[in-house]
Amino acid sequence: MLVRGFVSVVLLMWAVLGLAQTAPVEANLPTASQFLSIYKLGAGDVVSIRVFGEDDLSREKIRLTDTGSIFMPGLGELTVRGKTLGEVEKLVVDGLRGRILVNPKVSVSVEEYRPFFINGMVDKPGGYPFQPGLTVRKAASLAGGFKERASLNKLFLIRGDDPQQKQFKAELNTPVFPGDIVTVEESFF
């Protein structure tokens, strides 16, 4: 009886661990509405920083450098790579408060996201401008659609912010984010 109970527990743990290893990576991805509040800036993004009532301190359409920095009047070079829009806003407000302005009001917005990339069995592989709400299906449409030999069961994605650049299986409705790489494999049948 004790052995049977032990085997049951071991099998249960093995099943749970097995499921944990095969769970889809995209299960914890944000929805399109959550995306904007948690989006972290990266090299190639274009942002505008507006200081209300102070046009000389505002900057329009600044492209982040490869190091993820921007230049702001009165503050110098700021590293904003990996920060959310709210964090950049706080960084600018804190830098301006007291030294330059009494109570600065700042707005930060993304004017243009860094591109995503799609390759493989699509009509026009390459880099394309990101749009919020983008999925693998929409990404393929931007790239001219799937070729006749494209396999809709062999779609893969590498997240742009993944330092290991690990590829995982995707589906047509998997969200695509800036910097991501989508690969559409060829079907052999």
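Every number in this text was worked out from the coordinates using simple rules, so none of it is lab data. Since the structure is predicted, the reported quantities are computational estimates derived from the model, not experimental observations. Methodologically, a virtual Cβ is constructed for each residue, glycine included, from the backbone with ideal geometry; neighbour enumeration extends over all protein chains shown.
Data overview
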| quantity | calculated |
| --- | --- |
| Subset of the stretch 41-58 (residues that are among the charged types (D, E, K, R) and surrounded by fewer than 16 Cβ atoms within 10 Å (Cβ to Cβ)) | 55, 56 |
| Which listed residue, of 180, 162, is surrounded by 13 or more Cβ atoms within 10 Å (Cβ to Cβ), acidic (Asp, Glu) and in contact with a Leu (Cβ under 7 Å, 6 or more places away or on another chain) | 180 |
| Members of the stretch 111-141 found to be more than 16 Å from the chain's Cα centre (by Cα) and buried (at least 19 other Cβ atoms within 10 Å of the Cβ), listed by number | 120, 121, 122, 140 |
| In the stretch 122-172, the residues that are of a type in the set (A, V, I, L, M) and touching a strand residue (DSSP E or B) at 6+ places or on another chain (Cβ under 6 Å) | 122, 136, 139, 140, 142, 143, 150, 155, 157, 158, 170 |
